[in-house]
Amino acid sequence: RATMKSLRFISAEAFVSNAEFARKSLGSVAHNLFPLLFKASYLLEQGEVIHDLVENWPFVDFNVGKLLGSTVDYQEDLSHRTCSVCLESCLTGLRDYVLNHSSPYMKRLKVVDLTGIKDVEVQFCECKKTMGRWARTQLLSKLCLELLVYLQERCCNPGIFEISIDVLIDLFVTEWNYELVVQALLKKCYCPLKICCVAFRSDNLALQKFFYITKLIDPSLLRKLEIVHNVRLEMEHLEMLFNSIHFPLLMSLTLPARTFNVRRFTATDEQTLTNIGEKMGKMTQLTELSMSFSILTGRIQKLLSPLKTPLKLLDVSNCSLNHADMAYLANSFHANHLEALDLSGHNIPDFYPSTFFKLLSHSSSVLRSLTLEDCNIQDTHVNMLILSLSPCQKLQEFRFLGNPLSSQALKHLFTFLCELPMLKNVEFPVPRDCYPVGITYPIDDACLCRFDRQKYESVAEELNLILLQANREDVKASTPLFGSYDAAVQETNNELGAYLIKSFKETLEKFTTSLNKMS
């Protein structure tokens, strides 16, 4: 559906569509039109005009998310367009704002906010080339260092060194961009552009490097910390992190797989877990916690009960929770505030159907996202599931991949899902009857793609028809076989692939050495 544009916006598009004319005329444009021209330039991917607008930005702040968001003149939100041409022009324009020959005392810009940019799977920009979070981190760090070199080599106006602009950004650091980012952070105090990390994601990084860069980013500003995949952080390291660094504003924490493993706990480990819980309890802003693929059997209460603020997001997928853990969650003060919940990898229907029902009934008034992948939900459990979901009238996303459900059961479930008024996204499994007879669940990766595609397409068509007949074209239903789209993983998959090959090679070499010693 086409979004309506005001006459002002149409005029702005016409003005910026001739880049050469627009650039020459910017000096005579009223300052209050700059935001309008910026959004029009972004929509038309006029990189040179974007650069010049930023280079001459007349305001105290430059908030990309707000500028590209829904406005009176053009309601479409463009903040999910991570267009490489546009974003590179923004950042180089920012560098040139500092170097611009106009008097430093005329320059009002104090804060640049890049945190409102959203990385999504489908891009609508013409160039089809995106600049993800990792690349934005890389480019900003590079430009800060280049700016310093330029200022050192040339006799610049001394007033330039009085310029101080905070650049708020979500940093994403891996082994491949670590050195560059560290250099930029170390020299931050000398650079007019000050990198201010609001959210930090670390992947494929040695533990020592992770600790070092975490101290450099100024943890007192950090609102979101994601430690994922190939950062080998275990429980004792997490305790060290919390003991040595304070995170007063931290709202969201994601921990890597196997941070906790209660199966090999000692008395010392129990104390360590208690200490971690107490440290998290002092993080008064913490409302989002993800700790998937840890083994936390019987310890959820110990970890979560010290928290003073109720959690809005909890991901305990594949954490081997037992009945006591589920009972604690259902009865805790967190339950009434949970907006997003992931219980994947737990046999809910067989082990704790009543506590699950209680948990959902407590969170139903606020729950927006529910993930129940690989939970052994079968045809006989569908009515129970419908009963549990019925009060969740604010549910927007429901993911239940990997459950052994027949096409008939899926149709029954979809008929009910049409009744959830806020629902927007459903991820459903390949029906069990599309796989060969005797398939066992959870299905391993090797067998995941061995299903009757023609039959699946036919069932998917029927499910979409159910939505269509209920006037629910607004609901997107899909089966992403290998899980939901992750922009960060997608962007760095080359590095992750190289890391896996290196790890495999090292393991093979160790194995060969051991064999040689034995022989």
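The values are calculated or read from the model by the stated rules, or taken from the named source; none is laboratory data. As the structure is a computational prediction, the values presented were derived from the model and not from experiment. Cβ placement follows ideal geometry from the backbone for every residue including glycine, while neighbour counts extend to all protein chains displayed. Ligands, DNA and RNA are stripped out before the accessible areas are found, and what is left, the full protein with its side chains, is counted by its heavy atoms. Shrake-Rupley method; radii C 1.70, N 1.55, O 1.52, S 1.80 Å.
Post the alpha-carbon centroid distance, region 408-428 to region 112-164, in whole angstrom.
Taking the Cα centre of region 112-164 as reference, the centre of region 408-428 is 43 Å away.
Can I get the semi-axes of the chain's equivalent ellipsoid? Compute them from the C-alpha gyration tensor as square roots of 5 times the eigenvalues, in angstrom, largest first.
43, 31, 23
Let me make sure I get this right: for region 7-131, a, b and c are the square roots of the gyration tensor eigenvalues over alpha carbons, sorted descending. Under 1.5 in a/c it's rounded, otherwise prolate if a/b > b/c, else oblate. Which is it?
prolate
Which order do the peptides 412-420, 42-50 take when ranked by the mean count of other beta-carbon atoms within 10 Å per residue, highest first?
Those peptides, ordered most packed to least, come out 42-50, 412-420.
Could you sort 135-148, 455-468 so that the peptide with the highest average Cβ count within 10 Å comes first and the rest follow in order?
Per-residue Cβ counts within 10 Å, averaged per peptide and sorted highest first, yield 135-148, 455-468.
Could you derive backbone 3J(HN,Hα) for region 485-491 from the dihedral phi with the Karplus parameters 6.51, -1.76 and 1.60 (θ = phi - 60°), listing whole Hz in sequence and x where the residue is Gly or Pro?
Result, rounded to whole Hz: 5, 10, 4, 5, 5, 4, 5.
Each label point is 7 Å from the Cα along the Cα-to-Cβ direction; what then is the distance between the points at E48 and L465, in nm?
Placing both labels 7 Å along Cα→Cβ, they lie 5.5 nm apart.
So between I386 and A206, what do we pick up on full extension, going 0.36 nm a residue minus the alpha carbon distance?
Full-extension gain reported as 60.3 nm.
Please work out the average accessible area per residue across the chain, using the 1.4 Å probe convention, and give it in Å².
48 Å²
Taking +1 at the Cβ of each Lys and Arg and -1 at the Cβ of each Asp and Glu, which of N63, V98, Q46 sits farthest along the dipole of region 7-131 towards its positive end, judged by Cα position relative to the Cα centre?
Farthest along the dipole direction, towards plus: V98.
Between H80 and M518, how high is the FRET efficiency from 1/(1 + (r/R0)^6) when r is the Cβ-Cβ distance and R₀ = 45 Å? Nearest 0.05.
0.20
Over all pairs of distinct alpha carbons, what does the Kirkwood formula give as the hydrodynamic radius of region 172-221, in Å?
Computed over Cα pairs of region 172-221, the Kirkwood hydrodynamic radius comes out at 11.2 Å.
Can you give me the angle between helix 207-216 and the longest principal axis of the chain, using Cα atoms only, in degrees from 0 to 90, rounded to the nearest 10?
40 degrees
Grab the beta carbon distance between A446 and E121, set R0 = 25 Å, and tell me the FRET efficiency rounded to 0.05.
Efficiency, rounded to the nearest 0.05: 0.50.
Using helices alone, I'd like the mean residue ellipticity at 222 nm for the chain: each DSSP H run of four-plus residues gives -39500 (n - 2.57), total over residue count, nearest 500.
Value at 222 nm, helices only, nearest 500: -13000 deg cm²/dmol.
Around N18, under 12 Å between beta carbons, what's the net of Lys plus Arg minus Asp minus Glu among the other residues?
Within the 12 Å Cβ shell, the charges total -1.
Report the one residue of L304, V426, S344 whose Cα lies farthest in the direction of the positive end of the charge dipole of region 281-432 (charges on C-beta: Lys and Arg +1, Asp and Glu -1; origin at the Cα centre).
With unit charges placed on the Cβ atoms, the residue in question is L304.
Work through the residues other than P421 whose Cβ is under 11 Å from its Cβ and net out their charges, Lys, Arg +1 and Asp, Glu -1.
Result for the local shell: +1.
How tilted is helix 34-43 with respect to the longest principal axis of the chain? Cα atoms for both, answer in degrees (0 to 90, nearest 10).
Helix 34-43 sits roughly 50 degrees off the main axis of the chain.
Just list whichever of K118/K194; K142/K188; K118/K394; K187/K215; K66/K476; K107/K194 have alpha carbons separated by over 18 Å in the model shown.
Flagged as over cut-off: K118/K194; K118/K394; K66/K476.
What distance in nm separates the simple spin-label points at D166 and M240, each placed 7 Å from Cα in the Cβ direction?
Going from the D166 label point to the M240 one covers 3.2 nm.
Test of understanding: what is the full-extension gain from L145 to K302, defined as 0.36 nm times their sequence separation minus their Cα-Cα distance?
Additional length available on full extension: 52.0 nm.
Can you tell me the FRET efficiency between L99 and F416 if r is taken as the Cβ-Cβ distance and R0 is 60 Å, rounded to the nearest 0.05?
0.50
Which value in nm describes the separation of the simple spin-label points at E20 and K510, placed 7 Å from the Cα toward the beta carbon?
Going from the E20 label point to the K510 one covers 6.3 nm.
Helix 407-417 versus the longest principal axis of the chain: what is the Cα-based angle in degrees, 0 to 90, to the nearest 10?
60 degrees
Could you calculate the contour length gain from E179 to E457, that is, 0.36 nm times the residue separation minus the distance between their Cα atoms, to one decimal place in nm?
Roughly 95.3 nm would be gained on extension.
Using a cut-off of 15 Å between beta-carbons, work out the net charge of the residues near H237 (Lys and Arg +1, Asp and Glu -1, H237 not included).
+1
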